[in-house]
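Enquirer: Got a structure for you, written out below as structure tokens; questions coming shortly.
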Amino acid sequence: MEQIMNYVKPELIVVAIVLYFVGMGFKKAEAVADKYIPLILGGIGIGLCAIWVLATSPLTNGQEIAMAVFTALVQGILVAGLSTYVNQVIKQVKKTEE
């Protein structure tokens, strides 16, 4: 997990926490099949990270726009992966050995 944390911007850790709770909400509501929850969280993560990148980056030329898109995609995928990882760790810790 420490390796993942080296790549996630500290300002976006809160997005991973939000995604964890959104995923738990989807699971409890049974509104979405479990296999689609990580994909949905990835999309939400990319969207939230895109908002952050657009709000904090100057976008004056094509290179800066391309970098903003790349950053939003990568950070969104990383925070979604982090939230899924945390979910799995919690599940495994609660699991009893048989």
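Coordinate-derived values only; no laboratory data. Predicted model only: the values in this text are computed from it and were never measured. Note: ideal-geometry Cβ built from the backbone for every residue, glycine included; neighbour counts use all protein chains shown.
Enquirer: Kindly put 60, 71 in sequence by how many other C-beta atoms sit within 10 Å of each C-beta, fewest to most. Before the final figure, lay out each step's value.
Expert: On the way: 60 8, 71 18.
In increasing order of surrounding Cβ atoms, one gets 60, 71.
Enquirer: Suppose a student asked you for the relative contact order of the chain, using Cα pairs under 8 Å spaced at least 6 residues apart; what percent would you report? Let's see the in-between values first.
Expert: On the way: 81 pairs, mean separation 36.9, N = 98.
Here the relative contact order equals 38 percent.
Enquirer: How far is helix 13-29 tilted off the main Cα axis of the chain, in degrees rounded to 10, range 0 to 90?
Expert: For helix 13-29, the angle is close to 40 degrees.
Enquirer: Note down the net charge around residue 84, summing +1 for each Lys or Arg and -1 for each Asp or Glu among other residues with Cβ under 15 Å from its Cβ. Intermediate results must be reported in sequence, preceding the final value.
Expert: On the way: positive: 27, 35, 91; negative: 34.
Taking every Cβ under 15 Å from that of residue 84, the sum is +2.
Enquirer: At most 16 other Cβ atoms within 10 Å and a DSSP loop assignment: could you name the GluC sites (Glu not before Pro) in the range 1-88 that fit?
Expert: On the way: sites: 2, 11, 30, 64; in loops: 30.
Hits after loop and neighbour filter: 30.
Enquirer: Continuing with this model, one more query. Along the positive direction of the dipole of the chain (beta-carbon charges: Lys, Arg +1; Asp, Glu -1; about the Cα centre), which of 66, 31, 45 reaches farthest?
Expert: Positive-most Cα among the choices belongs to 31.
Enquirer: Note the angle between two axes, namely the Cα long axis of helix 37-56 and the longest principal axis of the Cα atoms of the chain, as a number of degrees from 0 to 90, rounded to the nearest 10.
Expert: 30 degrees
Enquirer: Translational D (Stokes-Einstein, µm²/s) of the chain at 4 °C and 1.567 mPa s when Rh comes from the Kirkwood sum over C-alpha pairs? All intermediate terms of the calculation are to be shown ahead of the outcome.
Expert: Numbers: Rh = 14.3 Å.
The calculation lands on 90 µm²/s.
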